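J.: One structure follows; several queries about it will come next.
The values are calculated or read from the model by the stated rules, or taken from the named source; none is laboratory data. Here the structure is a predicted model, which is why all the values come from computation and not from measurement. Methodologically, a virtual Cβ is constructed for each residue, glycine included, from the backbone with ideal geometry; neighbour enumeration extends over all protein chains shown.
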Amino acid sequence: MSIKSEVLRKSLHLAGLLIPVSYVYFGKELTLLFTAITIVAFFMIEPYRISRDTTKRIIEGIRPLFTEDVFKVISRGFEKVDAKIREITRKEEENCIGAHIYFAVAALINVMIFPMELAIATIIVATISDALAAIVGKSLGKHRFKNSKSLEGSSAFFLSALAIFYFYMPFWYAVWGAFVGTIVEFFNVPPNDNFSNQLAMSFFMYIPMLLTV
């Protein structure tokens, strides 16, 4: 994937920040409802993203509703959107659910189970630090590992995660959370790092918080 496509993908990924914003302004219950509705919508749309034939059938299905000139405009719009989506789709997502679903499900669990500040912090890190790691790794990564990750990308994740966590909690908790997130992101822990990263950070930070209460 080109750096331009990576930047576009991560720009869309930043929409994940709507979840912590919702949590702050509308509370836990409405945020859970908003996130759950979003997940259902994602699952309804996902077959059309995966199957190009399905997209074509939808386009043909709406043809009788419009004049030929209007239909051509709508059809070209559908095709451009479809092409743009495929441009930012990773190879492993071509025939299975996308990272956005993993992210949303993890965020739902995060908000449901963990304390507010911890959930908000880990969702922000999973959004911003993940984006920085990918963009820095893609554009500036020179010291690469066997799994194609780079020292520069992992460093960007760690430092940005440290800064975000430190805004919400004591320094050593922030260091620990940033370390856990960097390791999970580096090894792309299954089923998808957009799912495992959030929950691993929350879980492994929550344990020492409980022990020190």
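J.: Can you confirm whether Ala107 is part of a helix (DSSP H, G or I) and either at pLDDT 90 or above or within 18 Å of the chain's Cα centre (by Cα) (or both)?
T.: So Ala107 fits the description; yes.
J.: Further question: Taking segment 1-49, which residues are modelled with pLDDT under 65 and over 16 Å from Ile124 (Cα atoms)?
T.: Correct list: Met1, Ser2, Ile3, Lys4, Ser5, Glu6, Val7, Leu8, Arg9.
So that you can scan it fast, the table gives a plain yes or no per residue for (1) out of contact with any Pro (no Cβ under 8 Å at 6 or more places or on another chain); (2) aliphatic (A, V, I, L, M):
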residue	(1), (2)
Glu117	yes, no
Val136	yes, yes
Leu140	yes, yes
Lys149	yes, no
Trp176	no, no
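J.: Filter segment 13-47 down to the residues that are surrounded by 12 or more Cβ atoms within 10 Å (Cβ to Cβ), free of Cβ contacts under 8 Å to residues at least 60 places away in the same chain and of a type in the set (A, V, I, L, M), then identify the one that is nearest to Glu117 (Cα to Cα).
T.: Residue satisfying both the conditions and the ranking: Val21.
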